[in-house]
Amino acid sequence: MSQDEPTAPGAPRSLRCEYRENPLGLGEARPRFFWQIDDPRRGAAQGAYQIRVASAAHELAHDRADVWDSGRVDTNQSAHVVYGGPALRSRQRYYWQVRTWDAAGQSSPWSDIAWFEMGLLRRGDWKAQWIGRKPRGDNTQLQPSPYLRRAFATTGANIRQARLHLSARGLVEAYINGHRVGDDHFVPGWTDYHQRIQYRTYDVTALVQRGDNVLGAVLADGWYAGHIHRGFRVYGPFPMLLAQLEIEDERGRRQTIATDETWQWAEGPIRSASLFMGETYDATRDLGDWCVPGFDASATMWQVVDVVEPCDAKLLAAAPGPPVRRIMEIRPVAVTEPKPGVFIFDLGQNMVGWCRLYVKGQAGRTITLRHAEVLEPDGMLYTTNLRTARQTDQYTLKGAANGDREVYEPRFTFHGFRYVEVTGLDLPADLPPGRKPDLETITGVVLHSDMPVTGRFECSDPRINQLQSNIVWGQRGNFLEVPTDCPQRDERMGWTGDAQVFMPTACFNMDVAAFFTKWLDDVADAQLPNGAFTNYCPNGPNIESIGAAAWGDAGVICPWRMWEHYADRRALEKMYPRMARWIEFCRIHSSDLVRPDIGYFGDWLSIEAPTAHDLINTAYFAHSTKLMADIAAVLDKARDARKYQRLFERIRRAFQREFVTRSGRVSGESQTAFVLALAFDLLEPAHRDVAARMLTADIDRRKGHLSTGFVGVRDLQPTLTDVGRGDVAWRLMHQTSFPSWLYAVTHGATTIWERWDGWTHDRGFQNPGMNSFNHYAYGCVGQWLYQSVAGIAPDPRPSTGPDANVAGYQRVIVRPLVDPSPKDPVTWVKASYESLHGLIETHWRRDGEQLRLDVRIPANAAATLILPCPDAGRVTESDHPLDAAPAISDVQADGRETRMALGAGCYRFACPWPEKSE
Ligand code: BGC
């Protein structure tokens with residue numbers, strides 16, 4: 001131990017409640033606590049914790065826990081610790097802190113104080129009613145957005161605090177006294193509004209004033225009444241508002257301003273707003289200070305709301321997921337003028353959100369912004385792949401009096417685009433030809449669900465780094481409220497297959513725990529009474545797509561990922577009965593445990609390598625059943641675990657009977673068929689080698705190309721690596737000709753394409769009916785980059801008994817896969833993942849004939865390190881032999897690899913660079 005090494009842990013840090021920092025408006029009756037251990041010592045681990053919860057911060061400061069004191073609990077659990085005190089009360093803010101003891105019994109100081117505040121937990125808490133404006137004229141057309149207002153005076157003394165509980169059927173932006181409430185967008189998000197409607201709570205203490213106030217809101221159709229994939233006005237005919245402002249004065253008296261028949265509405269400048277079509281804004285119809293006290297709303301245009309409906313409070317749910325926010329801004333890199341007066345701005349990056357427009361001109365002039373992902377050969381926008389989505393915003397200038405520039409941003413739409421066509425600009429006629437508008441005319445505003453970045457991956461090959469960037473941009477663009485297939489064409493649905501394929505990668509790149517907690521509610525809501533999970537969620541009234549293998553299976557797979565990555569036992573508990581019904585649905589709809597072809601997607605978008613649908617369906621049935629056995633074991637349901645294990649073994653035999661020949665060929669012999677059979681453990685040991693050989697032979701025959709579609713791709717690289725053919729996986733990764741990951745990269749892609757052949761040199765654009773340039777599914781290779789190439793993987797050993805809570809990277813497998821490629825191999829890789837327990841890092845590099853590997857394991861976690869070195873005696877750590885290194889144990893070499901157990905800490909390993917195995 002060095003002299004300045006601490007002798008006790010520091011105060012716990014990164015306190016979270018329900019995955020969030022100081023959450024406001026919590027709906028969870030028994031919230032869970034998380035913290036990280038601050039202890040840099042090798043092998044540092046938590047031996048015990050104590051949590052205390054109080055009604056006020058000063059209580060804790062005086063060592064009083066007037067709500068709950070867990071007492072000292074001897075465990076290494078530092079995540080998902082469930083609140084165990086008396087029932088929590090609506091609206092109440094609770095303050096909490098934690099301290100820990102290390103394994104030797106030394107205690108840390110108390111952490112800083114964090115808090116959580118409850119939302120409206122009882123149905124009777126809701127006083128507000130749904131209000132809205134009846135559509136005028138032809139409601140098959142888009143309608144202007146209603147502006148709603150209610151002026152009121154406070155009745156009490158000075159204001160101590162104010163909260164706004166806000167929801168809509170549709171989308172809403174709220175204002176108090178002219179100030180926007182919150183900084184989030186697309187409130188209250190997308191759910192099946194007939195089953196669940198989210199609300200969000202805002203601290204508006206600073207916006208409400210003693211005396212006169214105005215509470216205002218602007219509504220739009222959004223997903224509720226606007227265009228979604230399955231039509232228009234799918235959940236309801238027009239948007240409605242539900243708002244409840246609760247003001248508490250310093251004497252504790254509460255005044256509630258709720259939506260009711262006293263509200264007024266008017267049409268304003270938003271003439272139409274649609275998620276697919278765009279927004280039309282006429283600034284000449286600006287409503288002035290409509291939301292500021294003193295505004296005269298007696299003009300005839302301000303009418304009393306014409307619809308008031310009671311609120312069915314049982315549908316209302318506090319939103320558990322992160323809100324959508326503006327995340328970053330992008331400046332254009334170029335502007336062209338392919339036709340006179342038609343300017344195309346290039347943002348240099350395919351992105352999702354909208355543009356801010358800066359413009360000068362006369363009142364009444366209209367500027368049009370159209371958005372697209374790619375260009376036609378003539379430099380104009382290519383929009384055919386958007387299908388009916390128009391992605392067009394229009395702004396009509398009000399003509400600022402002093403000739404100032406006007407600024408416009410839409411609010412109730414989003415677009416997927418890299419290029420923006422701007423027309424209608426008022427450029428001086430006498431400018432020399434070729435004069436273009438300033439690049440400052442527009443700025444790209446990137447919006448998505450606000451998820452903390454948790455992963456980084458970088459290596460010596462810039463093309464693979466670009467691929468990683470494309471994967472992250474695919475996630476940014478498609479994690480907007482729900483995980484969507486694409487953000488641009490008239491689709492944008494929460495396709496379950498796409499989500500389960502990409503989820504492991506998503507979990508590395510960003511903290512998606514809260515995001516998926518919300519989406520799993522959508523998955524649960526959508527399940528049919530017969531047990532079928534749907535192929536997209538949220539669902540709605542006209543269910544049409546259910547039960548496809550690899551899609552419906554997301555109902556089992558995604559909760560399992562929540563366990564693997566976040567140790568989220570509650571996600572498993574909540575979904576368990578539903579998963580059981582899904583397995584039963586698959587069983588009933590199979591014949592002798594073979595799930596027939598029911599006409600769905602198969603290995604969607606594979607390349608000249610069809611895989612029989614019944615094979616895929618049966619393989620996924622087996623896979624979900626095996627996961628059920630593991631899930632039952634985690635939930636201490638031993639009987640169920642045995643039952644599902646037996647069922648899995650029967651499906652496995654059925655699979656072999658139906659699809660595997662005596663010599664071990666898997667029917668159809670596609671890459672996907674072999675990958676599924678291997679990855680899901682469906683073959684006898686002797687046949688695994690045959691399948692692995694045939695899989696690599698197929699890749700050879702295709703000259704180092706893959707052929708998998710959405711279903712095969714997820715497991716392709718991990719399976720090759722597992723069967724000891726990491727060299728072949730590397731070969732696929734380096735491939736630049738079609739089909740491959742780097743084909744799109746070397747052709748300028750900045751996001752992941754829907755199809756391997758979205759555009760090819762020979763054929764140009766693929767079928768525009770299905771050709772998105774921002775679909776994340778093939779980006780699932782990110783999982784392999786993190787887990788295999790960088791070697792940061794959760795330990796999959798079954799988690800029962802004393803280790804029951806160690807999923808979620810409390811136990812890590814570090815097994816980097818060096819690149820044996822003969823030509824231009826990757827020579828270094830650096831990656832990190834901010835896990836629930838803290839930062840895990842690996843950095844490997846070739847240094848002459850040495851492999852050097854730096855590893856960081858956070859406190860209260862441990863790792864199994866596996867190095868490609870046959871002789872443990874040739875491995876050093878910080879230049880010392882392994883037996884002299886603290887916190888390293890169980891060193892074993894098997895003639896191929898050296899394994900060892902690592903406690904928390906930072907390590908510097910070196911060993912000879914592995915010799916080629918072939
Ligand atoms: C979507 C896919 C989805 C699929 C089902 C498509 O239209 O874009 O990503 O999974 O339908 O096959």
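List of remarks:
- Distance between the pseudo-spin-label points of Ala61 and Lys823 (7 Å out from Cα toward the beta carbon): 6.9 nm.
- Rolling a 1.4 Å probe over the protein heavy atoms of the range 91-160, with every protein chain left in place, gives an accessible area that is 44 percent carbon and sulfur.
- Rounded Å value of the spacing that divides the Cα centres of the range 78-120 and the range 767-795: 37 Å
- Packing order of peptides 207-215, 756-764, 445-453, 142-150, highest average first: 142-150, 445-453, 207-215, 756-764 (average count of other Cβ atoms within 10 Å over each peptide's residues).
- In the range 775-918, the portion of solvent-accessible area held by carbon and sulfur atoms comes to 48 percent [1.4 Å probe, whole percent, DNA, RNA and ligands not counted].
- Environment charge at Val711 (Cβ cut-off 12 Å; Lys +1, Arg +1, Asp -1, Glu -1): -3
- Candidate lysines for bridging to Lys643, where Cα separation is under 19 Å - those fewer than 8 sequence places away on the same chain excluded: Lys626
- Label-to-label distance, nm, for residues given as Arg160 and Arg30 (7 Å Cα→Cβ offset): 3.1 nm
- In the range 231-337, trypsin sites (Lys or Arg not before Pro) in a DSSP loop with at most 14 other beta-carbon atoms within 10 Å: Arg251, Arg253
- Length available on full extension from Glu376 to Met328: 0.36 nm per residue minus the Cα-Cα distance, which gives 14.5 nm.
- Full extension of the chain between Ser460 and Asp592 gives 42.4 nm of extra length, using 0.36 nm per residue less the Cα-Cα distance.
- Whole-percent carbon and sulfur share, accessible surface of the range 161-307, 1.4 Å: 44 percent
- Debye intensity ratio I(q)/I(0), log10, the range 1-99, q values 0.14 Å⁻¹ (C-alpha model): -0.56
- Radius, Kirkwood style, for the range 74-130 when every pair of distinct Cα atoms is counted (Å): 14.5 Å
- Note on the range 825-886: the alpha carbon radius of gyration divided by the globular reference 2.2 N^0.38 Å gives 1.23.
- Legend: calculated FRET efficiency, Lys703 to Glu915, from the Cβ-Cβ distance at R0 = 35 Å, rounded to 0.05, equals 0.85.
- For the range 1-83, the set of GluC sites (Glu not before Pro) satisfying both a DSSP loop assignment and a count of at most 13 other C-beta atoms within 10 Å is given as Glu21.
- Computed extension gain for Ile543 through Asp871, at 0.36 nm per residue and net of the alpha carbon distance, reaches 112.2 nm.
- The Kirkwood hydrodynamic radius of the range 291-437, based on inverse pair distances between different Cα atoms, is 18.7 Å.
- Solvent exposure of the chain amounts to 37 Å² per residue of accessible area, where only protein heavy atoms count and the probe is 1.4 Å.
- Positive dipole terminus of the chain, leading residue within Gly769, Pro794, Phe238 (C-beta point charges): Phe238
- Note on Thr368 and Phe232: the model spin-label points, each 7 Å out from Cα along the C-beta direction, lie 1.8 nm apart.
- For the residue pairs Lys574/Lys830; Lys339/Lys360; Lys134/Lys518; Lys134/Lys314; Lys314/Lys574; Lys398/Lys518, the C-alpha atoms sit more than 29 angstrom apart in Lys574/Lys830; Lys134/Lys518; Lys398/Lys518.
- Magnitude of the charge dipole, the chain, Cβ model with Lys/Arg +1 and Asp/Glu -1, debye to 20: 1360 debye
- Antiparallel %, DSSP beta bridges [both residues in the chain], to 5: 95 percent
- The convex hull around the C-alpha trace of the chain, projected and averaged over every direction, spans 40.7 square nanometres.
- Viscosity 1.567 mPa s, temperature 4 °C, Stokes-Einstein D of the range 431-540 from Kirkwood C-alpha radius, µm²/s: 80 µm²/s
- Charge tally around Gly231: other residues with Cβ under 11 Å, Lys/Arg +1 each, Asp/Glu -1 each, net 0.
- Helix axis angle, 496-509 relative to the chain longest principal axis, alpha carbon, degrees: 80 degrees
- Positive end of the dipole of the range 822-918 (Cβ unit charges, origin at the Cα centre): among Leu902, Pro870, Tyr833, the Cα lying farthest that way belongs to Tyr833.
- Counted over all Cα-Cα pairs of the range 274-366, pairs farther apart than 20 Å make up 70 percent.
- Note on the range 153-170 and the range 4-44: Cα centroid distance 32 Å, given to the nearest whole angstrom.
The values are calculated or read from the model by the stated rules, or taken from the named source; none is laboratory data. Remember, it's a predicted structure, so these values are computed and weren't measured experimentally. Neighbour counts run over all protein chains shown; Cβ positions are idealised from the backbone, glycine included. All accessible areas refer to the heavy atoms of the entire protein, side chains included, with ligands and DNA or RNA removed. Shrake-Rupley method; radii C 1.70, N 1.55, O 1.52, S 1.80 Å.
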